[in-house]
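Novice: Below: one structure in structure tokens.
The values are calculated or read from the model by the stated rules, or taken from the named source; none is laboratory data. Not measured: the values here are computed from a predicted model. Neighbour counts are summed over all protein chains in view; Cβ atoms, including those assigned to glycine, are modelled from backbone coordinates with ideal geometry. Surface accessibility is based on the protein's heavy atoms, side chains included, excluding ligands, DNA and RNA. Shrake-Rupley method; radii C 1.70, N 1.55, O 1.52, S 1.80 Å.
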Amino acid sequence: MQLLKKLWKPPLIIYFLIPILIITLFFSNFASASVTVTGIEFIGEATLPTGLSFQKTEVGGLSGITYDDQTDLYYAISDDRGGKAPARFYTLKIDLSQGKLTKNGVEPVAVTTLLNANNTPFLPGITDTEGIALTKKSTVFISSEGDVQQLINPFIQEFSLSSGQVITTLPIPDKFLPDSTGQKGVRNNLAFESLTITPDENSLFTASENALIQDGAAAKPDAGTPCRILQYNLLTNQPEKEFLYQTEPVTSSFNLTGKFASGLPDLLALDNQGHLLSIERSFTGLGFAIFLFQVSLENADDIHNIDSIELIDTKKNNSVQKTLLLDLRTLDVALDNIEGLTLGPKLPNGEPSLILVSDNNFNGLQTSQILAFKLKIASPLTKFWNLLRVPST
């Protein structure tokens with residue numbers, strides 16, 4: 001052994017390269033491992049008026065939005081059930097080049113009609129398209145809530161970005177499907193509002209907007225509801241896991257209409273490790289209460305084998321972890337019916353942007369509202385330093 005050491009002496013540069021390589025690998029893995037939002041700043045609002053006509057369609061019902069960083073374009077799904085025009089999504093330009101969104105910073109530039117398996121537009125009343133997520137294959141996944149009263153099942157389908165033609169249909173677990181007894185499945189208009197895909201495109205997430213019928217009660221004033229986050233494996237196109245998401249109780253304001261609605265309308269995957277953003281939206285009688293949460297699935301229990309949440313001890317079952325990022329009622333804007341969110345481009349200062357969009361319900365008293373934010377993300381160096389810090393006693 002001593003002879004071998006004498007015969008071969010590694011060059012001095014090796015001693016410098018090895019630690020550099022180790023540090024580089026560490027930080028590259030650390031950077032891609034997880035995303036933590038440490039701050040959020042409002043940077044502007046724009047609106048599209050109800051009744052706006054574009055290419056012989058009425059722009060409205062914008063319930064979900066997704067961003068294409070290759071073209072700097074956004075795709076927003078309309079939840080019109082065919083009353084104004086066939087099921088469709090809009091291509092939008094949103095100008096954040098100055099680091100903010102101005103009142104005229106949003107412009108429709110195209111509309112794409114969705115086509116069914118027969119290569120024809122969907123008939124009126126068949127779809128209630130709510131969520132949209134872009135892939136790197138020039139396709140979009142779109143979710144529909146269906147219609148429980150007519151026993152029309154919800155769906156998640158993949159469509160061509162250019163032609164709108166349906167390509168793939170994902171199977172929906174039976175527990176989510178309504179039946180004629182009214183004892184199971186999604187509630188009407190409280191189904192798959194949300195849709196998001198992880199950056200590596202291995203997983204797709206959606207969620208029930210409120211509890212499944214067999215899982216518990218729908219949200220009501222001062223009481224939240226147990227939703228299910230549903231995770232698909234996009235390598236197999238099969239449902240894989242489910243997680244319990246409990247919405248926050250919201251107090252109803254002075255309410256002459258008697259109407260109250262609250263739930264989980266959208267999710268946004270931040271990384272490949274189960275960190276997401278969520279919107280919780282409530283109509284309280286005097287406007288909307290909108291909350292933005294950071295969500296972690298890391299320690300949540302998989303409940304896909306559990307048919308009814310009411311049959312389990314939720315105190316022993318780990319639901320998803322949530323951290324409130326922003327109560328949008330603190331902003332100096334009149335909130336509309338916010339339902340969709342997506343990451344946008346990097347702003348001039350290098351920080352990521354976030355876009356929220358509202359569904360105007362084709363109501364003349366509402367608008368299609370677009371809100372823009374600047375996110376602060378913990379850097380790998382900050383995370384590493386926080387790991388090394390010794391807690392003070």
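Novice: What is the distance in Å between the Cα centres of segment 150-214 and segment 297-319?
Specialist: Taking the Cα centre of segment 297-319 as reference, the centre of segment 150-214 is 20 Å away.
Novice: Further question: Quick one: net charge of Phe176's neighbours, Cβ under 9 Å, K/R +1, D/E -1?
Specialist: Once positives and negatives cancel, what remains is +2.
Novice: 5 Å is the cut-off here: which amide hydrogens, built 1.01 Å from N in the peptide plane, fall below it relative to Asp266, excluding neighbours closer than 5 in sequence?
Specialist: For Asp266, whose amide H was placed from the backbone, the distant partners under 5 Å are Ile279.
Novice: Quick one: Karplus J couplings for segment 283-293, per residue in order, coefficients 6.51, -1.76, 1.60, θ = phi - 60°, nearest Hz, x for Gly and Pro?
Specialist: For segment 283-293, the Karplus curve yields 9, 9, x, 10, x, 10, 10, 10, 10, 10, 10 Hz.
Novice: Label segment 113-214 by shape, choosing from rounded, prolate and oblate, from the square roots a ≥ b ≥ c of the eigenvalues of the Cα gyration tensor; if a/c is under 1.5 it is rounded, and otherwise prolate applies when a/b is larger than b/c, oblate when it is not.
Specialist: oblate
Novice: Same structure again: For segment 203-351, what class follows from the C-alpha gyration tensor (a ≥ b ≥ c being the square roots of its eigenvalues): rounded when a/c is under 1.5, otherwise prolate if a/b is larger than b/c, else oblate?
Specialist: It is oblate, given that a/c is not under 1.5 and a/b is not larger than b/c.
Novice: Between Asn299 and Leu331, what is the label-to-label distance in nm when each label sits 7 Å out along the Cα-to-Cβ direction?
Specialist: 3.1
Novice: Here's a follow-up. Would you compute, from DSSP H runs of 4+ residues alone, the mean residue ellipticity of the chain at 222 nm, taking -39500 (n - 2.57) per run and dividing by the full residue count, rounded to the nearest 500?
Specialist: It lands at -3000 deg cm²/dmol.
Novice: Ok, one more. Which one of Phe283, Leu264, Ile229 is farthest out on the positive end of the charge dipole of segment 177-311, using unit charges on Cβ (Lys, Arg +1; Asp, Glu -1) and the Cα centre as origin?
Specialist: Farthest along the dipole direction, towards plus: Phe283.
Novice: Let me ask something additional. Once Rh is set to the Kirkwood radius over Cα pairs, what Stokes-Einstein translational diffusion coefficient, in µm²/s, holds for segment 298-352 at a temperature of 25 °C and a viscosity of 0.890 mPa s?
Specialist: 155
Novice: Let me ask something else about it. Just add up the charged neighbours of Ile167: K/R +1, D/E -1, any other residue whose Cβ is under 11 Å from the Cβ of Ile167.
Specialist: 0
Novice: Still on this structure, please answer the following. Taking DSSP loops as anything outside H, G, I, E and B, show the longest stretch in the chain free of chymotrypsin sites (Phe, Trp or Tyr not before Pro) there with at most 12 other beta carbons within 10 Å.
Specialist: 9-253
Novice: I've got another one for you. When only alpha-carbon atoms count, how far does segment 180-269 stretch along each of its three principal axes, as whole angstroms with the largest first?
Specialist: 49, 32, 18
Novice: Hey, got the dipole for the chain? About the Cα centre, +1 on K and R Cβ, -1 on D and E Cβ, debye to the nearest 20?
Specialist: 1320
Novice: On each of the three principal axes of the Cα atoms of the chain, give max minus min coordinate, whole Å, ordered largest first.
Specialist: Largest to smallest, the principal-axis extents are 87, 51, 51 Å.
Novice: Carbon-plus-sulfur fraction of the accessible area of segment 85-131, 1.4 Å probe, in percent?
Specialist: 51
Novice: If you don't mind, another one. Roughly how many Å² is the accessible area per residue of the chain, as a whole number, for a 1.4 Å probe?
Specialist: About 48 Å² of surface per residue is accessible.
Novice: OK, next. Angle between the Cα long axis of helix 12-33 and the longest principal axis of the chain, 0 to 90 degrees, nearest 10?
Specialist: It works out to around 10 degrees.
Novice: Where does the longest stretch of the chain lie that holds no trypsin sites (Lys or Arg not before Pro) found in a DSSP loop with 12 or fewer other Cβ atoms within 10 Å?
Specialist: 138-258
Novice: Taking θ as phi - 60°, what are the ³J(HN,Hα) couplings along segment 115-132 by the Karplus curve (6.51, -1.76, 1.60), each to the nearest whole Hz, with x for Gly and Pro?
Specialist: 3J(HN,Hα) across segment 115-132, in whole Hz: 10, 7, 5, 8, 6, 10, x, 5, 5, x, x, 7, 10, 9, 6, 10, x, 8.
Novice: Excluding same-chain residues fewer than 8 positions from Lys241, which lysines have a Cα within less than 17 Å of its Cα?
Specialist: Result set, ordered by chain and number: Lys175.
Novice: How many nm separate the modelled label positions at Gln321 and Leu73, each set 7 Å beyond the Cα in the direction of the Cβ?
Specialist: Using points 7 Å along Cα→Cβ, the separation is 4.0 nm.
Novice: Still on this structure: Pick from Gln98, Gln246, Gln238: which is most flexible by mean-square fluctuation in a GNM of the chain where alpha carbon atoms under 10 Å apart are linked?
Specialist: Gln98
Novice: I've got another one for you. Note down the relative contact order for the chain as a percent, whole number, built from C-alpha pairs under 8 angstrom at least six residues apart.
Specialist: Computed over the chain, the figure is 17 percent.
Novice: A 23 angstrom limit on the alpha carbon distance is what I want to check against. Which of Lys322/Lys376; Lys93/Lys322; Lys100/Lys346; Lys84/Lys259; Lys315/Lys376; Lys93/Lys137 exceed it?
Specialist: The pairs that break the limit, which is 23 Å between Cα atoms, are Lys93/Lys322; Lys84/Lys259; Lys315/Lys376.
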